[in-house]
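The values are calculated or read from the model by the stated rules, or taken from the named source; none is laboratory data. Predicted model, so just to flag it, every value in this text is computed and none were measured. Because the Cβ atoms are built from the backbone with ideal geometry, glycine has one as well, and the counts that use them run over all protein chains shown. The protein model used for the area step is the full one, side chains on, heavy atoms only, and it has no ligands, DNA or RNA in it. Shrake-Rupley method; radii C 1.70, N 1.55, O 1.52, S 1.80 Å.
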Amino acid sequence: MELNSKVWSIFRDLMFHFDAEHVHHSSVLAIKALGNAAPFLLERLSGVLEYEPPLLRPEVFGLKFSSALGLAAGFDKNAELVSMLPHLGFGFCEIGTVTPLPQPGNPRPRLSRDPQTQSLFNRMGFNNDGSIKVAQNLEQHKKNLPPYFRVGVNIGKNKDTEASQIATDYALAAEPFLDLADFFVINVSSPNTPGLRSLQAAQSLAPIIDAVLSKVNKSSRKISVLVKLAPELHESELMELVYFFEQSGVAGLVLTNTLGGETSIGTGGWSGGLVRSHSAKALSFARSMTKIPIISVGGIDSAEVGQERLNAGANLLEIYSSWVFGGPRLPAHIAMNLR
Ligand SMILES: Cc1cc2nc3c(=O)[nH]c(=O)nc-3n(C[C@H](O)[C@H](O)[C@H](O)COP(=O)(O)O)c2cc1C
(Lines give C-alpha, C1' and ligand atoms only; values in the text may rest on other atoms or scores of the structure.)
Protein backbone atom coordinates (compact mmCIF):
# COMPACT_ATOMS: atom_id res chain seq x y z
CA MET A 1 0.00 0.00 0.00
CA GLU A 2 2.48 2.55 -1.11
CA LEU A 3 1.35 5.98 -2.11
CA ASN A 4 3.56 7.66 -4.65
CA SER A 5 3.28 11.38 -5.22
CA LYS A 6 1.36 11.03 -8.50
CA VAL A 7 -1.32 8.80 -6.93
CA TRP A 8 -1.54 11.19 -3.99
CA SER A 9 -2.03 14.27 -6.18
CA ILE A 10 -4.81 12.56 -8.16
CA PHE A 11 -6.51 11.50 -4.92
CA ARG A 12 -6.08 14.95 -3.38
CA ASP A 13 -7.47 16.75 -6.45
CA LEU A 14 -10.51 14.48 -6.26
CA MET A 15 -10.97 15.18 -2.52
CA PHE A 16 -10.68 18.92 -3.15
CA HIS A 17 -13.99 18.76 -5.05
CA PHE A 18 -15.72 18.06 -1.72
CA ASP A 19 -16.41 20.36 1.22
CA ALA A 20 -13.19 20.88 3.21
CA GLU A 21 -14.68 20.12 6.63
CA HIS A 22 -16.39 16.96 5.35
CA VAL A 23 -13.10 15.73 3.98
CA HIS A 24 -11.43 16.53 7.30
CA HIS A 25 -13.98 14.49 9.28
CA SER A 26 -13.78 11.63 6.78
CA SER A 27 -9.98 11.64 7.08
CA VAL A 28 -10.23 11.48 10.88
CA LEU A 29 -12.64 8.51 10.59
CA ALA A 30 -10.39 6.76 8.08
CA ILE A 31 -7.28 7.24 10.25
CA LYS A 32 -9.17 5.95 13.29
CA ALA A 33 -10.50 2.91 11.44
CA LEU A 34 -7.13 2.02 9.94
CA GLY A 35 -5.26 2.77 13.15
CA ASN A 36 -7.57 0.55 15.21
CA ALA A 37 -7.69 -2.32 12.72
CA ALA A 38 -4.12 -2.36 11.47
CA PRO A 39 -1.67 0.34 12.51
CA PHE A 40 0.95 -1.14 10.19
CA LEU A 41 -1.20 0.06 7.27
CA LEU A 42 -0.82 3.62 8.56
CA GLU A 43 2.92 3.02 8.71
CA ARG A 44 2.93 1.81 5.11
CA LEU A 45 0.89 4.82 4.01
CA SER A 46 2.99 7.37 5.87
CA GLY A 47 6.31 5.82 4.92
CA VAL A 48 7.61 5.71 8.50
CA LEU A 49 8.90 2.17 7.95
CA GLU A 50 11.13 3.23 5.09
CA TYR A 51 13.00 5.88 6.99
CA GLU A 52 15.72 5.60 9.57
CA PRO A 53 14.59 6.79 13.01
CA PRO A 54 14.67 10.60 13.21
CA LEU A 55 18.14 12.09 13.47
CA LEU A 56 16.89 14.73 15.84
CA ARG A 57 15.45 13.72 19.22
CA PRO A 58 15.31 17.04 21.00
CA GLU A 59 15.12 17.72 24.69
CA VAL A 60 12.94 20.74 25.36
CA PHE A 61 11.62 22.07 28.66
CA GLY A 62 13.16 19.09 30.38
CA LEU A 63 11.37 16.54 28.18
CA LYS A 64 12.80 14.24 25.53
CA PHE A 65 10.77 14.22 22.29
CA SER A 66 10.77 11.26 19.89
CA SER A 67 11.18 13.74 17.03
CA ALA A 68 11.14 17.49 16.47
CA LEU A 69 7.97 17.41 14.34
CA GLY A 70 4.51 17.62 15.84
CA LEU A 71 0.91 18.00 14.68
CA ALA A 72 -0.37 21.54 15.31
CA ALA A 73 -3.48 22.36 17.33
CA GLY A 74 -6.85 22.23 15.58
CA PHE A 75 -6.47 19.00 13.61
CA ASP A 76 -7.21 16.63 16.50
CA LYS A 77 -9.33 18.95 18.62
CA ASN A 78 -10.95 16.13 20.61
CA ALA A 79 -7.96 13.78 21.03
CA GLU A 80 -9.42 11.11 18.78
CA LEU A 81 -6.22 10.34 16.89
CA VAL A 82 -3.39 10.73 19.38
CA SER A 83 -2.18 7.11 19.46
CA MET A 84 -2.30 6.92 15.63
CA LEU A 85 0.02 9.91 15.19
CA PRO A 86 3.32 8.12 15.92
CA HIS A 87 2.43 5.71 13.07
CA LEU A 88 1.94 8.73 10.82
CA GLY A 89 5.39 10.20 11.41
CA PHE A 90 4.75 12.66 14.24
CA GLY A 91 6.87 12.90 17.40
CA PHE A 92 4.38 14.91 19.41
CA CYS A 93 1.05 16.70 19.04
CA GLU A 94 -1.07 19.49 20.40
CA ILE A 95 -4.68 18.49 20.91
CA GLY A 96 -7.45 21.11 21.21
CA THR A 97 -8.14 23.93 21.44
CA VAL A 98 -10.15 22.57 24.36
CA THR A 99 -12.59 24.78 26.29
CA PRO A 100 -14.15 23.97 29.70
CA LEU A 101 -17.61 23.36 28.24
CA PRO A 102 -18.36 21.70 24.91
CA GLN A 103 -19.32 24.17 22.18
CA PRO A 104 -20.36 23.84 18.53
CA GLY A 105 -18.16 26.58 17.04
CA ASN A 106 -19.25 28.86 14.22
CA PRO A 107 -21.86 27.88 11.63
CA ARG A 108 -20.60 26.14 8.48
CA PRO A 109 -19.04 26.73 6.01
CA ARG A 110 -16.02 27.54 8.16
CA LEU A 111 -13.10 25.89 6.40
CA SER A 112 -11.85 26.37 2.85
CA ARG A 113 -8.71 25.82 0.79
CA ASP A 114 -6.65 27.88 -1.61
CA PRO A 115 -4.60 25.34 -3.61
CA GLN A 116 -2.73 28.08 -5.46
CA THR A 117 -1.03 29.36 -2.31
CA GLN A 118 -1.32 25.98 -0.52
CA SER A 119 -3.24 27.73 2.24
CA LEU A 120 -6.27 26.90 4.36
CA PHE A 121 -8.74 29.47 5.63
CA ASN A 122 -10.74 28.72 8.76
CA ARG A 123 -13.26 30.34 11.06
CA MET A 124 -13.98 27.26 13.17
CA GLY A 125 -14.46 29.03 16.52
CA PHE A 126 -13.16 26.39 18.99
CA ASN A 127 -15.66 23.64 18.18
CA ASN A 128 -14.79 20.91 20.69
CA ASP A 129 -16.30 18.32 23.04
CA GLY A 130 -15.25 20.13 26.25
CA SER A 131 -12.29 19.41 28.50
CA ILE A 132 -13.80 16.55 30.53
CA LYS A 133 -14.74 14.44 27.50
CA VAL A 134 -11.52 15.25 25.64
CA ALA A 135 -9.45 14.24 28.69
CA GLN A 136 -11.32 10.89 28.76
CA ASN A 137 -10.43 10.40 25.10
CA LEU A 138 -6.80 11.26 25.75
CA GLU A 139 -6.64 8.84 28.67
CA GLN A 140 -7.61 5.98 26.33
CA HIS A 141 -4.88 6.92 23.86
CA LYS A 142 -2.13 7.49 26.43
CA LYS A 143 -1.93 3.75 27.15
CA ASN A 144 -0.83 3.08 23.59
CA LEU A 145 1.79 5.78 23.12
CA PRO A 146 5.46 4.99 22.55
CA PRO A 147 7.99 6.47 24.99
CA TYR A 148 8.87 10.10 24.29
CA PHE A 149 5.79 10.79 22.14
CA ARG A 150 4.60 13.97 23.86
CA VAL A 151 1.12 15.44 24.11
CA GLY A 152 0.46 19.13 24.53
CA VAL A 153 -3.03 20.36 25.40
CA ASN A 154 -4.01 23.67 23.81
CA ILE A 155 -6.52 25.45 26.07
CA GLY A 156 -8.97 28.27 25.45
CA LYS A 157 -12.04 29.96 26.83
CA ASN A 158 -15.67 29.36 25.94
CA LYS A 159 -17.17 31.89 23.55
CA ASP A 160 -19.75 33.25 26.01
CA THR A 161 -17.53 33.47 29.09
CA GLU A 162 -17.70 36.84 30.82
CA ALA A 163 -14.54 38.94 31.02
CA SER A 164 -14.25 38.44 34.80
CA GLN A 165 -14.24 34.61 34.36
CA ILE A 166 -11.68 34.28 31.58
CA ALA A 167 -8.74 33.20 33.78
CA THR A 168 -11.00 30.67 35.52
CA ASP A 169 -11.97 29.24 32.13
CA TYR A 170 -8.34 28.55 31.18
CA ALA A 171 -7.74 26.87 34.56
CA LEU A 172 -10.92 24.77 34.18
CA ALA A 173 -9.92 23.76 30.67
CA ALA A 174 -6.54 22.58 32.01
CA GLU A 175 -7.77 20.79 35.12
CA PRO A 176 -8.89 17.39 33.69
CA PHE A 177 -5.50 17.03 31.95
CA LEU A 178 -3.25 17.37 35.00
CA ASP A 179 -2.43 13.64 34.96
CA LEU A 180 -2.23 13.45 31.18
CA ALA A 181 -0.62 16.47 29.52
CA ASP A 182 3.11 16.94 28.94
CA PHE A 183 2.58 20.65 28.34
CA PHE A 184 -0.22 23.19 28.10
CA VAL A 185 -0.51 25.89 25.47
CA ILE A 186 -2.49 28.96 26.46
CA ASN A 187 -4.18 30.03 23.24
CA VAL A 188 -4.86 33.75 23.09
CA SER A 189 -4.34 34.08 19.36
CA SER A 190 -7.22 32.49 17.50
CA PRO A 191 -8.94 35.10 15.32
CA ASN A 192 -12.23 33.19 15.59
CA THR A 193 -13.26 33.86 19.19
CA PRO A 194 -14.37 37.48 19.61
CA GLY A 195 -11.95 39.47 21.80
CA LEU A 196 -9.48 36.60 22.27
CA ARG A 197 -6.57 38.31 20.57
CA SER A 198 -6.90 41.36 22.81
CA LEU A 199 -5.72 39.09 25.64
CA GLN A 200 -2.23 39.22 24.11
CA ALA A 201 -0.99 41.81 26.59
CA ALA A 202 0.90 41.33 29.84
CA GLN A 203 -1.92 42.80 31.93
CA SER A 204 -4.56 40.43 30.48
CA LEU A 205 -2.29 37.40 30.37
CA ALA A 206 -1.00 37.69 33.94
CA PRO A 207 -4.17 36.34 35.65
CA ILE A 208 -4.57 33.61 33.01
CA ILE A 209 -0.99 32.40 33.42
CA ASP A 210 -1.29 32.55 37.22
CA ALA A 211 -4.53 30.57 37.18
CA VAL A 212 -3.09 27.83 34.95
CA LEU A 213 0.22 27.71 36.84
CA SER A 214 -1.56 27.38 40.16
CA LYS A 215 -3.36 24.26 38.83
CA VAL A 216 -0.17 22.87 37.33
CA ASN A 217 1.81 23.48 40.52
CA LYS A 218 -0.66 21.36 42.46
CA SER A 219 0.09 18.40 40.21
CA SER A 220 2.81 15.95 41.19
CA ARG A 221 3.97 15.93 37.54
CA LYS A 222 6.03 18.64 35.91
CA ILE A 223 3.90 20.22 33.19
CA SER A 224 5.27 23.14 31.19
CA VAL A 225 3.02 26.06 30.28
CA LEU A 226 3.47 27.76 26.89
CA VAL A 227 1.66 30.64 25.20
CA LYS A 228 0.62 30.70 21.52
CA LEU A 229 0.69 34.07 19.78
CA ALA A 230 -0.60 35.60 16.56
CA PRO A 231 1.59 36.43 13.56
CA GLU A 232 0.32 40.02 13.45
CA LEU A 233 1.91 41.18 16.71
CA HIS A 234 4.21 44.17 16.24
CA GLU A 235 7.81 43.70 17.27
CA SER A 236 7.33 46.02 20.25
CA GLU A 237 4.32 43.96 21.46
CA LEU A 238 6.20 40.70 21.05
CA MET A 239 9.20 42.14 22.87
CA GLU A 240 7.07 43.28 25.80
CA LEU A 241 5.38 39.88 26.02
CA VAL A 242 8.63 37.91 25.85
CA TYR A 243 10.12 39.93 28.72
CA PHE A 244 6.93 39.41 30.69
CA PHE A 245 6.92 35.63 30.03
CA GLU A 246 10.51 35.33 31.22
CA GLN A 247 9.45 36.74 34.60
CA SER A 248 6.20 34.83 34.91
CA GLY A 249 7.00 31.12 34.71
CA VAL A 250 6.06 30.60 31.07
CA ALA A 251 8.22 27.76 29.68
CA GLY A 252 7.93 28.50 25.98
CA LEU A 253 6.21 30.13 23.00
CA VAL A 254 4.26 28.72 20.10
CA LEU A 255 4.75 30.99 17.08
CA THR A 256 2.36 31.38 15.34
CA ASN A 257 -1.37 30.99 14.99
CA THR A 258 -3.20 31.82 11.74
CA LEU A 259 -3.05 35.15 9.91
CA GLY A 260 -6.32 37.06 10.19
CA GLY A 261 -8.19 37.65 6.93
CA GLU A 262 -11.51 37.65 5.14
CA THR A 263 -12.93 35.49 2.33
CA SER A 264 -16.36 34.69 0.89
CA ILE A 265 -17.08 32.49 3.96
CA GLY A 266 -16.43 35.33 6.42
CA THR A 267 -13.61 36.57 8.65
CA GLY A 268 -11.12 34.02 9.94
CA GLY A 269 -7.48 33.03 9.66
CA TRP A 270 -5.07 31.89 6.94
CA SER A 271 -2.64 29.04 7.48
CA GLY A 272 -0.11 27.37 5.19
CA GLY A 273 1.68 29.32 2.45
CA LEU A 274 0.12 32.66 3.37
CA VAL A 275 1.36 32.61 6.98
CA ARG A 276 4.86 31.24 6.22
CA SER A 277 6.88 34.46 6.08
CA HIS A 278 5.02 35.98 9.06
CA SER A 279 5.69 32.93 11.20
CA ALA A 280 9.38 32.85 10.18
CA LYS A 281 9.73 36.54 11.01
CA ALA A 282 8.12 36.18 14.43
CA LEU A 283 10.48 33.28 15.22
CA SER A 284 13.63 35.20 14.21
CA PHE A 285 12.57 38.28 16.12
CA ALA A 286 11.66 36.38 19.28
CA ARG A 287 14.86 34.34 19.13
CA SER A 288 16.94 37.51 18.84
CA MET A 289 15.60 38.50 22.27
CA THR A 290 15.31 35.34 24.31
CA LYS A 291 16.53 31.79 24.87
CA ILE A 292 13.04 30.61 25.88
CA PRO A 293 12.03 27.44 23.91
CA ILE A 294 9.99 28.15 20.77
CA ILE A 295 7.73 25.83 18.80
CA SER A 296 7.64 27.18 15.25
CA VAL A 297 4.43 26.61 13.27
CA GLY A 298 3.11 28.26 10.13
CA GLY A 299 3.78 27.30 6.52
CA ILE A 300 6.33 24.54 7.18
CA ASP A 301 5.89 22.33 4.12
CA SER A 302 9.26 20.61 3.64
CA ALA A 303 12.32 19.40 5.50
CA GLU A 304 14.18 22.41 4.06
CA VAL A 305 11.74 24.92 5.52
CA GLY A 306 11.74 22.97 8.79
CA GLN A 307 15.52 23.02 8.88
CA GLU A 308 15.53 26.79 8.23
CA ARG A 309 13.26 27.23 11.27
CA LEU A 310 15.55 25.09 13.43
CA ASN A 311 18.54 27.08 12.19
CA ALA A 312 16.67 30.28 13.08
CA GLY A 313 16.35 29.02 16.65
CA ALA A 314 13.17 26.93 16.82
CA ASN A 315 13.35 24.03 19.29
CA LEU A 316 10.39 22.11 17.85
CA LEU A 317 8.20 22.35 14.74
CA GLU A 318 4.53 21.76 14.04
CA ILE A 319 2.54 21.41 10.84
CA TYR A 320 -1.13 21.38 9.88
CA SER A 321 -1.89 22.77 6.39
CA SER A 322 1.03 21.16 4.57
CA TRP A 323 -0.20 17.73 5.70
CA VAL A 324 -3.48 18.43 3.91
CA PHE A 325 -1.75 19.51 0.70
CA GLY A 326 1.38 17.34 0.87
CA GLY A 327 -0.22 14.07 1.88
CA PRO A 328 0.41 11.21 4.29
CA ARG A 329 4.12 10.83 3.60
CA LEU A 330 5.07 14.41 4.42
CA PRO A 331 5.40 14.23 8.25
CA ALA A 332 7.77 11.24 8.22
CA HIS A 333 9.76 12.79 5.39
CA ILE A 334 10.20 16.05 7.29
CA ALA A 335 10.87 14.40 10.67
CA MET A 336 13.53 12.06 9.34
CA ASN A 337 15.43 14.75 7.50
CA LEU A 338 15.93 17.28 10.30
CA ARG A 339 19.35 17.69 11.83
C1 LIG B 1 -8.83 24.18 10.40
C2 LIG B 1 -7.85 24.73 11.40
C3 LIG B 1 -8.20 24.74 12.74
C4 LIG B 1 -7.31 25.25 13.68
N5 LIG B 1 -7.65 25.23 15.00
C6 LIG B 1 -6.78 25.68 15.92
C7 LIG B 1 -7.09 25.63 17.29
O8 LIG B 1 -8.13 25.13 17.70
N9 LIG B 1 -6.19 26.14 18.18
C10 LIG B 1 -5.00 26.68 17.77
O11 LIG B 1 -4.20 27.12 18.62
N12 LIG B 1 -4.66 26.71 16.47
C13 LIG B 1 -5.51 26.23 15.54
N14 LIG B 1 -5.17 26.27 14.22
C15 LIG B 1 -3.88 26.87 13.82
C16 LIG B 1 -2.77 25.85 13.67
O17 LIG B 1 -2.51 25.18 14.89
C18 LIG B 1 -1.48 26.52 13.16
O19 LIG B 1 -1.05 27.47 14.13
C20 LIG B 1 -1.69 27.23 11.85
O21 LIG B 1 -2.52 26.48 11.00
C22 LIG B 1 -0.36 27.47 11.11
O23 LIG B 1 0.26 26.25 10.80
P24 LIG B 1 0.21 25.62 9.31
O25 LIG B 1 0.61 26.70 8.37
O26 LIG B 1 1.18 24.47 9.35
O27 LIG B 1 -1.19 25.18 9.08
C28 LIG B 1 -6.04 25.76 13.26
C29 LIG B 1 -5.71 25.73 11.90
C30 LIG B 1 -6.59 25.21 10.98
C31 LIG B 1 -6.17 25.19 9.52
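Around the amide H of Gly261, modelled in the peptide plane, lie the amide H atoms of Gly268, Gly269, Trp270, all under 5 Å away and 5 or more residues distant in sequence or on another chain.
Using 0.36 nm per residue, how much length does the chain from Gln116 to Leu49 gain when fully extended, once their Cα-Cα distance is taken away?
Details: separation 67, 0.36 × 67 = 24.12 nm, distance 3.14 nm.
In short, 21.0 nm is gained.
Legend: residue pairs Lys6/Lys32; Lys32/Lys142; Lys64/Lys281; Lys32/Lys157, Cα-Cα distance threshold 19 Å; pairs beyond threshold, Lys6/Lys32; Lys64/Lys281; Lys32/Lys157. Using 0.36 nm per residue and subtracting the Cα-Cα separation, the extra length available between Ser214 and Gln140 on full extension is 24.0 nm. Taking all protein chains as they are arranged and a probe of 1.4 Å, the heavy atoms of Arg123 leave approximately 40 Å² accessible to solvent. The aspartates and glutamates whose alpha-carbon is closer than 15 Å to the alpha-carbon of Lys159, local same-chain residues fewer than 8 away aside, are Asp129, Asp169. Its Cα gyration tensor gives the chain an equivalent ellipsoid; the semi-axes, largest first and in whole Å, are 28, 22, 21.
Averaged over residues, the count of other Cβ atoms within 10 Å places the peptides 90-100, 143-153 in the sequence 90-100, 143-153, highest first.
Reducing the range 8-36 and the range 126-150 to their Cα centroids gives an inter-centroid distance of 22 Å. Whole-Hz Karplus values for the range 143-157 come out as 4, 10, 9, x, x, 6, 7, 9, 10, x, 10, 8, 10, x, 10 Hz, taken residue by residue from phi with 6.51 cos²θ - 1.76 cosθ + 1.60 and θ = phi - 60°; glycine and proline positions read x. Across the range 100-204, Cα-Cα distances exceeding 20 Å account for 48% of all pairs.
What does the helix-only formula give at 222 nm for the chain: each DSSP H stretch with n ≥ 4 adding -39500 (n - 2.57), the total divided by the residues, and the result rounded to the nearest 500 deg cm²/dmol?
Values: 11 runs with 124 residues, N = 339.
After summing the helix terms and dividing by residue count, I get -11000 deg cm²/dmol.
Using only side-chain charges placed at the Cβ, +1 for Lys and Arg and -1 for Asp and Glu, the dipole size of the range 68-129 relative to its Cα centre rounds to 260 debye. Modelled label positions at Glu162 and Thr263, each set 7 Å beyond Cα in the direction of Cβ, lie 3.8 nm from each other. Length available on full extension from Tyr148 to Met289: 0.36 nm per residue minus the Cα-Cα distance, which gives 47.8 nm. Per residue, the chain exposes an accessible area of 42 Å² to a 1.4 Å probe, with every protein chain left in place.
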